[in-house]
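Here the structure comes first, spelled out in structure tokens, and everything after it is commentary.
Rule-based calculations on the coordinates, nothing more; no lab input. Here the structure is a predicted model, which is why all the values come from computation and not from measurement. Here Cβ is always computed from backbone atoms with ideal geometry, including for glycine, and neighbour counts include all displayed protein chains.
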Amino acid sequence: MKFILRIQVFVIILICVACNLSKENKVPFSGEYLNLKRVDSLVFNLDSLSAGRNPESRVYEFDGIKYFTFLNRKSNSLYFYQKNDSEVDRIIPFEREGENGVGNISSYFIHRLDSIFLYSYGGARLYLIDSNQVVLNRYFVDDEGVGVRPEVGGRRPLFKVGDHIVLNSWGSQKEYYNNQDFPEVSFTFLNIKDSSKTYKISYPDTYKNAIWGVQFYQIFHDYNPIDNLMVISYPIDNNLYVYDFNNDNYEKISVLGGEDLDVEPLSYNSGKFVPNIIEEAKHQMGQRYYSSIKFDSKNNLYYRLIEEPFDEKYIEEFSGSFSIYGPNSIEILDNQFKVIDVILLPENSYFMGSMFVDDGYIYLEKIQDNEDLLIFDAFNVNGL
């Protein structure tokens, strides 16, 4: 099981979105058939305790009003903005200790305003909170017997299906070993009625016979409420994987029409291999690989991000002390998982960790210097 320290060490790697200057012959925001057109911007005023580039943000609708929400880890609070209003609507603080203490919150899911689920990675607990910040229930989600502690977040969102909360439990494997077998423990299904836990889904065979390292072992997912599906994206795998909640069925889906990515492992050695952390980062920076996936319920589409490789000069100069936000590509797929187009995004312009989709629009957080503002550009997909 991974540890918090190892996650913190890799923060610089996670925020270094790949930069590939060799794509100069491609036009940002345009693909072969489709293009992204900026149609609007959301602007939110931040207080002194808040900051942008926060992947822990989501949009919810209550009583016909849409709210943009985010988790402020510094103050252990949830912030609510009416989506089209720049001023904060409400702030809900949570105690860290005491009778209604929830520890340090790392992620959240709002079922209703009187039914909020808070997850603490450090405490390995999920809390159910009411509208008065009273703890209604506590669920212990760690299980040392199988080495699983869920690692959830913006690209791995908590969600509820029936009586279960589903938690992404990536990193339950030995990432620096040449693994030949993977147990079905990649996702934790927590029954909130009786607190029981079941574990499902293993890493695909793509991960066998090589050593990939921490970052390529990440698992990304999103939930499709229309078809009651969880769609899973692995960084090194061209296929997608789908869990059907209606039929309790899990299957590999061959993505049609897309370009196959050829990700190189750290090593093909047998046994264990642990590289220097900077060398592992440079290896990752030179790769083209998949990251998060988002479902668009209005257009019935999926958007899968591709991290593009850095230019060689950035790789050579990388020392772990700088970050750059470069071009990603968005692979657009229909509801049968056929690629419609791939659209390149401009380098050093958007923080992709907080990307969200709402009402058929793609919202990308703009990288800008004003720390008192949080700005999302809204894009329409033209040509569908």
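Just a few scattered comments:
- From the options 264, 279, residue that is assigned to a loop (DSSP other than H, G, I, E, B) and either farther than 23 Å from residue 346 by Cα or aromatic (Phe, Trp, Tyr) (or both): 264
- Residue that is surrounded by the fewest Cβ atoms within 10 Å (Cβ to Cβ) [pool: residues in segment 150-197 that are basic (Lys, Arg) and in contact with a strand residue (DSSP E or B) (Cβ under 7 Å, 6 or more places away or on another chain)]: 160
- Flag if residue 371 is farther than 22 Å from residue 66 by Cβ, of a type in the set (D, E, K, R), in contact (Cβ under 8 Å) with a residue 24 or more places away in the chain and in a loop (DSSP other than H, G, I, E, B): yes
- Segment 76-99, residues that are without any contact (Cβ under 8 Å) to a residue 24 or more places away in the chain, of a type outside the set (Asp, Glu) and either more than 14 Å from residue 46 (Cβ to Cβ) or not in a strand (DSSP E or B) (or both): 82, 90, 96, 98
- Residue 223, sole failed condition from (1) surrounded by fewer than 21 Cβ atoms within 10 Å (Cβ to Cβ); (2) outside any loop (DSSP other than H, G, I, E, B); (3) out of contact with any Phe, Trp or Tyr (no Cβ under 6 Å at 6 or more places or on another chain); (4) not small (Gly, Ala, Ser): (3)
- Filtered residues of segment 191-220 (kept if over 30 Å from residue 276 (Cβ atoms) and in contact with an Asp or Glu (Cβ under 9 Å, 6 or more places away or on another chain)): 191, 192, 193, 194, 197, 199, 200, 201
Here's the yes/no breakdown for (1) free of Cβ contacts under 8 Å to residues at least 40 places away in the same chain; (2) within 16 Å of residue 153 (Cα to Cα):
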site	(1), (2)
217	no, yes
223	no, yes
227	no, no
230	no, yes
246	yes, no
251	yes, no
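- Residue selected from segment 134-149 under the condition out of contact with any Ser or Thr (no Cβ under 9 Å at 6 or more places or on another chain) and among the β-branched types (Val, Ile, Thr), by the criterion surrounded by the most Cβ atoms within 10 Å (Cβ to Cβ): 135
- Selection over segment 297-312 of residues that are crowded, with 21+ Cβ neighbours inside 10 Å and assigned to a strand (DSSP E or B) gives a count of 5.
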